[in-house]
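Step one of this worksheet: look at the structure below.
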Amino acid sequence: MTDPARPARVRRTATHLADGRELIYFDDSEPYVSGGATRRLDDPRPLGDRFEAATSDDAGGAAAPVQGPEMRRDPLTGDWIPMASHRMNRTFLPAADSCPLCPARPDAAYSDGEVPDTDYDVAVFENRFPALMRVPGVTLEDGWDVDGEPLWPALPAAGRCEVVCFSSDHTSSFADLTPARVRTIIEAWADRTTELSALPGIEQVFCFENRGKEIGVTLPHPHGQIYAFPYLTPRTQAMLREAAAYRERTGGNLLADVVAAERRAGTRVILETEHWTAYVPAAARWPVEVHLAPHRDVPDLPSLTDAERDDLAVTYLELLRRLDRFFVEPDGTPIPLPYIAGWHQAVVGDGRELGRLHLQVFSVLRAAGKLKYLAGVESGMAAWISDTTPERVASRLQELGR
């Protein structure tokens, strides 16, 4: 019997947009998946090459080379902070008929969409306004000191940012997708993780989705993003420190032992399948927070087996659908949950053996119509205070599964 969570197969077709950015279609529907037809591969927009030198007032009207984003090291924390001022000009809450993530509409007034075909299953392309970007000829060796002060080292933010369009339907959400389409998205995540991890200087790959205006989403079309970082993020560094200390102390794998402990306790487990367990972590910091982890020790998305990917497609949808019923209006109408969902994967280089794949989904909504604001202690000291208990959140999510 055919598994409803698995498309017959996924066809990957790569091309380039008019300005040189890569675009990849991941198709699971006919006639595209079999090769009977091919998505549109040319981009008719009159966009110039994004790396082509442009005239600049600062250069007296002469052509100046493209300057990519930079990142500066905070000497007080050791954190790298990308500086991407060009993102101030990115598209912000466009009208539905001007969404750059929708498929092309021939003869429409709006013609600056990022996907040239009139339909697609899943599409991935390089972000037009990236926080991280590698400019040809520039490497992480090309550093400097801000104001000539060695206290403030700076480097090119030479990573890569991609957009993943989950659906061509502007009005849908991830939770509305079929298991087969989610399975295609998992294939896209795995493909991009493999490709981006192989780029020079990349230290970790993060696949994530921002959902809802409360999170700050500027494009409501169902989509996620992938960042290939040329440095280790602060959260990853913290987890690696704890995992290394735990291994030194006990010989165990911290992330694996956390999942095993949550399964033993059972109190906060909200969903368990053959290959996956979803639980509210014992020290959850967000008003609603769930982790989803495989039972097998898996470093990253590409390392998942077909059976684990099939199971994930169904399990993830069930988790999101419960989260979308967590809060309700006074009349009982469910409130779609604003959330951030991100895949934590093993790093590319040193410390990879300490990593273990898991998904973190969390929300800033603490009650119907009420947000958790990151005020003094959270923003100023990174000292989190929870407005609830993990057990209460788990109990609600368990109730929604009955």
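The values are calculated or read from the model by the stated rules, or taken from the named source; none is laboratory data. Predicted, not measured: the structure shown is a model, and the values here were computed from it. Neighbour counts run over all protein chains shown; Cβ positions are idealised from the backbone, glycine included. These area figures cover heavy atoms from the full protein model, side chains too; ligands, DNA and RNA do not enter into them. Shrake-Rupley method; radii C 1.70, N 1.55, O 1.52, S 1.80 Å.
Working only within the stretch 67-103, note down all residues that are open to solvent by 80 Å² or more (accessible area, probe 1.4 Å) and modelled with pLDDT under 85. Gln67, Ser85, Met88, Asn89, Arg90, Phe92, Leu93, Asp97, listed by residue number. Of all residues in the stretch 166-179, those being of a type outside the set (Ser, Thr, Tyr), touching a residue at least 60 places away in the same chain (Cβ under 8 Å) and either open to solvent by 30 Å² or more (accessible area, probe 1.4 Å) or part of a loop (DSSP other than H, G, I, E, B) (or both) number 3.
What about Ala245, is it without any contact (Cβ under 8 Å) to a residue 12 or more places away in the chain and open to solvent by less than 50 Å² (accessible area, probe 1.4 Å)? When the stated conditions are applied, Ala245 passes them.
When the residues of the stretch 248-281 are filtered to those that are surrounded by fewer than 17 Cβ atoms within 10 Å (Cβ to Cβ) and basic (Lys, Arg), the one that is nearest to Ala394 (Cα to Cα) is Arg263. Arg366 meets each of the listed conditions (1) farther than 22 Å from Leu232 by Cβ; (2) part of a loop (DSSP other than H, G, I, E, B) apart from (2). For the stretch 115-129, a residue qualifies if it is open to solvent by less than 60 Å² (accessible area, probe 1.4 Å) and at pLDDT 95 or above, and the qualifying residues are Val115, Pro116, Asp117, Tyr120, Asp121, Val122, Ala123, Val124, Phe125, Glu126, Asn127.
In the stretch 184-198, the condition of being of a type in the set (Gly, Ala, Ser) and either in contact with a Gly (Cβ under 8 Å, 6 or more places away or on another chain) or without any contact (Cβ under 8 Å) to a residue 40 or more places away in the chain (or both) is met by at least one residue.
In the set (1) within 20 Å of Val66 (Cα to Cα); (2) free of Cβ contacts under 8 Å to residues at least 24 places away in the same chain; (3) among the hydrophobic types (A, V, I, L, M, F, W, C), Ala95 fails one condition alone, (1).
Within the stretch 283-306, is even one residue more than 18 Å from the chain's Cα centre (by Cα), part of a loop (DSSP other than H, G, I, E, B) and of a type in the set (Gly, Ala, Ser)? Checked the stretch 283-306: at least one residue is more than 18 Å from the chain's Cα centre (by Cα), part of a loop (DSSP other than H, G, I, E, B) and of a type in the set (Gly, Ala, Ser). Looking across the stretch 156-165, just one residue is of a type in the set (A, V, I, L, M), in contact with a Lys or Arg (Cβ under 8 Å, 6 or more places away or on another chain) and either part of a strand (DSSP E or B) or open to solvent by 10 Å² or more (accessible area, probe 1.4 Å) (or both), and that is Val164. Any residue at all in the stretch 345-352 that is part of a loop (DSSP other than H, G, I, E, B), under 18 Å from Arg235 (Cα atoms), of a type in the set (Val, Ile, Thr) and out of contact with any strand residue (DSSP E or B) (no Cβ under 8 Å at 6 or more places or on another chain)? Checking the stretch 345-352: not a single residue is part of a loop (DSSP other than H, G, I, E, B), under 18 Å from Arg235 (Cα atoms), of a type in the set (Val, Ile, Thr) and out of contact with any strand residue (DSSP E or B) (no Cβ under 8 Å at 6 or more places or on another chain).
How about the stretch 201-230: which of its residues are hydroxyl-bearing (Ser, Thr, Tyr) and in a helix (DSSP H, G or I)? Walk me through how you get there before you give the answer.
In the first step, residues of the stretch 201-230 are kept if they are hydroxyl-bearing (Ser, Thr, Tyr); the result is 218, 227.
Across the stretch 201-230, there are no qualifying residues.
Summed over the stretch 191-200, residues that are part of a helix (DSSP H, G or I) and over 12 Å from the mean Cα position of the chain (by Cα) total 5. Of Leu359, Leu320, Leu397, all but one fail to be open to solvent by less than 30 Å² (accessible area, probe 1.4 Å), under 30 Å from Gly201 (Cα atoms), modelled with pLDDT of 95 or more and not small (Gly, Ala, Ser); the exception is Leu359.
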